[in-house]
Amino acid sequence: MAAQVPPDALGRRVSCGTDYGTVRYVGSVSRTAGIWLGVEWDDPQRGKHDGSYEGTQYFKCRHPGGGSFIRPNKANFGVDFLTAVKDRYGLSDKQDVQYGTGNTVVFGTKTVEFVGMDSVAEQQRQLSKLVDISVRECAVSHAGQEEEIGRTCANMRHINLSKNLISSWETVIAIASQVQNLETLNVSENKMTFPSTSISISSAFSNLKILALNQTEITWTEVLLCAQGWPVLEELYLSSNNITVLERPENVLETLKLLDLSDNQLLDGNQLHLIAQLPRLEQLVLRNTGISSIHFPDAGFGCKTKMFPSLKRLAINDNKISQWSSINELDKLPSLRALQCNNNPFMDTEKNPETLIQLIIAKISQLEVLNNCEILPAERRGAELDYRKIFGNAWLEAGGHWDPEKNKPSEEFLAAHPRYPALCLKYGAPEEGELKGRQPLTLKNQLLTLTIKCPEKPEQKPVEKKLPESMTIQKVKGLLYRLLKIPGSELKLSYESSKLEGKEVELDNDLKPLQFYSIESGDCVLVRW
């Protein structure tokens, strides 16, 4: 018997084995009998042609070899949502062995194992307890009978509908509108159509806080249109959607805290200005978006931009940023605390990875986490002092001076080092003695002349020692053990800088060398136990 073709088959999503595609043609094909489906496959390797057969074009494909014809009985048009839920969680009349783990289900925070359901009433009771439902790859294509989801799964809050056969946003609304308190929804990997001109606002997403639309082929225009129905949305995931152009959101996405645009080729960093006024945006993910520069033209050197007022965490890794000026610009963001920037060309300009990290830390004043590593106060201090020294001669040559009245560094220098004046205010301008004959950062075993004091033991006279700057704190403690006869494990070390009176910095990591803490000749190491 010939397989029944749904009346709305055109445009529907189908699967055939492990392959997914979209029906682009339903009908006969010349010199063959019966009905065929013309399918454009997600994976062009699965196809055979561009939708034409023996000189006749039956449908069109984006990829010249991405289409083929299959018989309707080979196509899976999917099941309704509740059927998938029952199958997935072992609550259907036909226990589906395909989902071996399906007999374990989470109700709130409790995990319950099912041995078998004796009655329909028991099934209904168990379904009504489901809070967090995943029907990923369960061939869901439609909502099913009206209101049935709401009656059966009254307590659902989190739904994973990724990689199914959903063809349109209307289907998502039809499912979500029956879930009273829906908070999290993942419909990624469903290539579907979205409203592109007008939309009737639905209350389906009135409580939705997290929405994932990765790999759905949604455009930014469609996002803004649909966002009218997401009044309290906090997290929006839009990776891999071929979004190339942004537009300014008007009265939408005002509650958004996280936006993921990774793997969309935005190309132009100035596109970011269009989303810069999202008032509550705290995290922006721009990984692999093709951007080559970042610029906030509303703020000058050393000033803060009015753009992205709440942005705390920014990911710009895997991009084409080649100039340090873009890193300088990030210091203008008033709330930035965490940055991911690996795999950008600007990072190839410095061969020493430690120096590279120091430069980024020194350039962005409020940064607390860099590439997922916490920046310790001593690390920041060391980075800023080193930066102040490294570029001290360039500062002098550009018109910098220790006398504030004569200190007039050029615009060119300030453009390259906008934080330099602030570092001079913080630590004092670099002295001539510091800069003369300065050895490169990579020099090992430079000797430091340090005074060692025991502030709580006045009977111990201060001792002057010459120590290599590469000496670890652990080895310093070993040396002190020989001097003081106190085990290293009991010693607590800190130091006072000759330049920062009254400030004491703890030497709290035994594995770090003295140079990590930017200790200099003339400084005083304080020993307590």
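The values are calculated or read from the model by the stated rules, or taken from the named source; none is laboratory data. Remember, it's a predicted structure, so these values are computed and weren't measured experimentally. Heads up, the Cβs are rebuilt from the backbone with ideal geometry, glycines too, and the neighbour counts pull from every protein chain shown. The protein model used for the area step is the full one, side chains on, heavy atoms only, and it has no ligands, DNA or RNA in it. Shrake-Rupley method; radii C 1.70, N 1.55, O 1.52, S 1.80 Å.
Let me know the charge dipole size of the chain about its Cα centre in debye, to the nearest 20, where only the beta-carbon of Lys, Arg (+1) and Asp, Glu (-1) is charged.
920 debye
Would you please name the trypsin sites (Lys or Arg not before Pro) within the range 330-390 that are DSSP coil residues with at most 14 other C-beta atoms within 10 Å of their C-beta?
Counting only loop positions with at most 14 other Cβ atoms within 10 Å, the trypsin sites (Lys or Arg not before Pro) in the range 330-390 are 351.
Counting only protein heavy atoms, what percent of the accessible surface of the range 186-318 is carbon or sulfur at a 1.4 Å probe?
47 percent
Which one, [x] -0.73, -0.93; [y] -0.57, -0.82; [z] -0.65, -0.90, gives log10 I(q)/I(0) by the Debye sum over Cα atoms at q = 0.08, 0.10 Å⁻¹ as derived from the coordinates shown?
Checked against the structure: label [x].
Please calculate how many Å² of accessible area the range 447-528 carries per residue, with a 1.4 Å probe and no DNA, RNA or ligand atoms counted.
57 Å²
Please report, as a whole percent, how much of the solvent-accessible surface of the range 340-408 comes from carbon and sulfur atoms (probe radius 1.4 Å).
In the range 340-408, the share of accessible area belonging to carbon and sulfur is 50 percent.
Kindly flag which residue pairs out of 332/363; 163/312; 351/475; 312/363; 453/499; 465/492 have an alpha-carbon separation exceeding 20 Å in this structure.
163/312; 351/475
In the range 447-528, carbon and sulfur make up what percent of the accessible area (probe 1.4 Å)?
49 percent
Keeping every protein chain present and rolling a 1.4 Å probe, give me the accessible area per residue for the range 254-355 in Å².
43 Å²
For the range 284-292, just list the computed ³J(HN,Hα) in residue order, Karplus coefficients 6.51, -1.76 and 1.60, θ = phi - 60°, integers in Hz, with x standing in for Gly and Pro.
Karplus values, whole Hz, x for Gly and Pro: 10, 10, 10, 5, 6, 10, x, 6, 10.
Set the Förster radius R0 to 51 Å, insert the Cβ-Cβ distance between residue 268 and residue 80 as r into 1/(1 + (r/R0)^6), and round the FRET efficiency to 0.05.
0.75
May I ask you to evaluate 6.51 cos²θ - 1.76 cosθ + 1.60, the Karplus curve with θ = phi - 60°, for each residue of the range 508-513 and list the ³J(HN,Hα) values in order in whole Hz, giving x for glycine and proline?
9, 10, 4, 8, 8, x
Amide H of residue 26 versus every other amide H placed in the peptide plane: which residues, excluding those fewer than 5 positions away on the same chain, fall under 5 Å?
38
For the range 379-427, with every protein chain kept in place, what is the accessible area per residue (1.4 Å probe, Å²)?
50 Å²
Spin-label point model (7 Å from Cα, Cβ direction): what's the residue 304 to residue 54 distance in nm?
Rounded to a tenth, the inter-label distance reads 7.3 nm.
Quick check: the angle from helix 353-363's long axis to the longest principal axis of the chain, C-alpha only, nearest 10 degrees?
90 degrees
Explain nothing, just compute: Karplus ³J(HN,Hα) = 6.51 cos²θ - 1.76 cosθ + 1.60, θ = phi - 60°, for every residue of the range 151-163 in order, whole Hz, x for Gly and Pro.
Those phi angles translate into 6, 8, 10, 5, 9, 4, 10, 10, 10, 9, 10, 5, 6 Hz.
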